[in-house]
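Working notes, beginning with the structure itself.
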Amino acid sequence: MRSGRRLGHVLGPRLGRRFGWLWAAYGTSALGTWLAFGAFPLIAVQVLDAGPAEVAALSSVGAAVGAAVAVPLGPWVEFRRKRPVLIGMDLARCAALLTVPVAFACGALTFPQLLLVSVVVAAADITFRTASGAYLKTLLPGEDLLVANARFESTTWTTTIVGPPLGGAAIGFLGPVATVLADAVSYLLSALGIRAMGGHEPRPEHRRAARVRAGDLLDGWRHILADAALRPLFFNTVLFNGLVMAVEPLLAVLMLGRFGFAPWQYGLAFAVPSLAGLAGSRLARPLVTRFGRHRVLVVSGALRALWPVGLAFLGPGTGGLLLVMGVELGLIFCCAVFNPVCATYRLERTAPDRVARTLSAWTVTTRSATALLTAVWGVLGGLLGPRTAIGLAGVLVLTTPLLLPRRTATPLSEPDPAPSRP
């Protein structure tokens, strides 16, 4: 009996069978994504003899166009049952990715096909995240949302640690196309898991015409900008994520080029610190219980901004490797505390009939800003040098805590529904 209680204390409250299926589906697809990490650029270079500009287009143009395609899907998702949307987006990603190994086997693979697949996958990914957030709010009562988001966060970091090494080994033995096939299968398994959840999902209360009006496309942004609590948090996360991700290519240039780190050292520098993500996500709920949601949100959001500037002092050898690992360890730990608290805060501040549009607007903006800032910092890296550009991004990141919510927000006047948990 005591051991069962201790186990329950470690794992946290049980959230029901349906959430268990959703969590398993998320973990499966996340593992598939990390197994195939870097597969498209490798296919472009090794199979299609693509140049640097084409390889860059796969990540930047594909993500930007995918975000644009996803804009009208937010309002479309809002007034539909979310489980069929989740299954449909999984199957869409599976089908799109399967065309790559099929075309490769037939000797018909082309770069435009890779670009088109990256657009479809990016748009479906945004739509899936939009629908899953809205579905989670109807699946669980409000007091369990932080636990659920913390579990998703810990799964993200677990698959980040496990996926790339396994994917790298698979690429070495079987080639990059094999990992794309594994990624496609992971989405199929995710769809089957969501299908197996069962249960009845209520139809959204307010039905609209199937045709999306132009004004509906901006509803998510209107809600974010009109909410005094969400508005600063929105700008904070968009700017922070964009600046942190923008320096990743420059950091790779420094480590793999100028300082001569081996690829395994480069991977190690980011894989080992991901362990801090497990610790941070595990501590998010106890910290909120003890210190309050607003304090944890602000403190962890401010602390995560202190780390990126340290990358400007990167040097060669063991010292440089340890510097990167130390910076990433602190950054990932703070982000792993912040992210589930932020995701829960965002759901709690949004009425059920606006969740999909709000999450869509949030994700589209973040992805687009990241693509834009990555391109800008690529230019700055060429003009100023990679180290100076990384330092500039780090200094700008130091200003992002000014955008965090300064006061505890008043609760919504409309209470969230309390769904029953099977």
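Taking square-rooted eigenvalues a ≥ b ≥ c of the alpha carbon gyration tensor, is segment 9-159 rounded, prolate or oblate, where a/c under 1.5 means rounded and, failing that, a/b exceeding b/c means prolate? Mind showing how you got there, number by number?
On the way: a/c = 2.46, a/b = 1.86, b/c = 1.33.
Taking the square roots of the gyration eigenvalues as a ≥ b ≥ c, segment 9-159 is prolate.
Over segment 234-317, with the other protein chains present, what is the accessible area per residue in square angstrom, probe 1.4 angstrom?
Numbers: 3800 Å² over 84 residues.
Result: 45 Å² of accessible area for each residue.
Of Leu35, Leu136, Pro308, which is farthest towards the positive pole of the chain's charge dipole, taken about the Cα centre with +1 and -1 on the beta-carbons of Lys, Arg and Asp, Glu respectively? Going by the Cα projections, it comes out as Leu136. Dividing the convex hull volume of the alpha-carbon atoms in segment 56-126 by its residue count gives 71 Å³ per residue. The alpha carbon convex hull volume per residue for the chain rounds to 156 Å³.
Sorted largest first by accessible area at a 1.4 angstrom probe radius, with every protein chain in place, the residues Glu201, Glu248, Glu143 fall in the order Glu143, Glu248, Glu201.
Any idea of the accessible area per residue across segment 69-222, 1.4 Å probe, to the nearest Å²?
Values: 6670 Å² over 154 residues.
Accessible surface, normalised per residue, equals 43 Å².
For Trp221, Trp21, give the ranking by accessible area with the largest first, probe 1.4 Å. Before the final figure, lay out the partial values.
Details: Trp221 60, Trp21 105 Å².
Highest to lowest solvent-accessible surface, that is Trp21, Trp221.
Dividing the helix sum by the residues of the chain, where each DSSP H run of 4 or more adds -39500 (n - 2.57), gives a mean residue ellipticity at 222 nm of -24500 deg cm²/dmol.
Let me spell out the model: positive unit charges on the Cβ of Lys and Arg, negative unit charges on the Cβ of Asp and Glu, origin at the Cα centre of the chain. What dipole size does that give, in debye rounded to 20? Please report the intermediate quantities before stating the final value.
On the way: 38 positive and 20 negative charges, 302 e Å.
Here the chain has a charge dipole of around 1460 debye.
Sort 314-323, 37-46 by the packing proxy (mean of other Cβ within 10 Å over each peptide's residues), most packed first. List each step's numbers first, then the result.
On the way: 314-323: 14.1, 37-46: 18.5.
Descending packing order for the listed peptides: 37-46, 314-323.
Please give the length that would be gained between Leu166 and Arg17 if that part of the chain were fully extended, namely 0.36 nm times their separation in residues minus their C-alpha to C-alpha distance (nm, one decimal).
Roughly 50.7 nm would be gained on extension.
Note on Arg295 and Leu322: the extension gain reaches 6.6 nm, defined as 0.36 nm multiplied by sequence separation minus the Cα-Cα distance. Of the residues Val102, Pro84, Ala70, the one whose Cα sits farthest towards the positive end of the charge dipole of segment 40-117 is Pro84 (charges of +1 on Lys and Arg Cβ, -1 on Asp and Glu Cβ, taken about the Cα centre). Rolling a 1.4 angstrom probe over the chain with all protein chains present gives an accessible area of which 69% lies on carbon and sulfur atoms.
Between Leu192 and Val376, the C-beta separation translates, for a Förster distance of 45 Å, into a calculated FRET efficiency of about 0.60.
The values are calculated or read from the model by the stated rules, or taken from the named source; none is laboratory data. Predicted model, so just to flag it, every value in this text is computed and none were measured. Cβ sites come from the backbone with ideal geometry, for glycine too, and all protein chains shown count toward neighbours. Heads up: the accessible areas ignore ligands, DNA and RNA and are worked out on the full protein's heavy atoms, side chains in. Shrake-Rupley method; radii C 1.70, N 1.55, O 1.52, S 1.80 Å.
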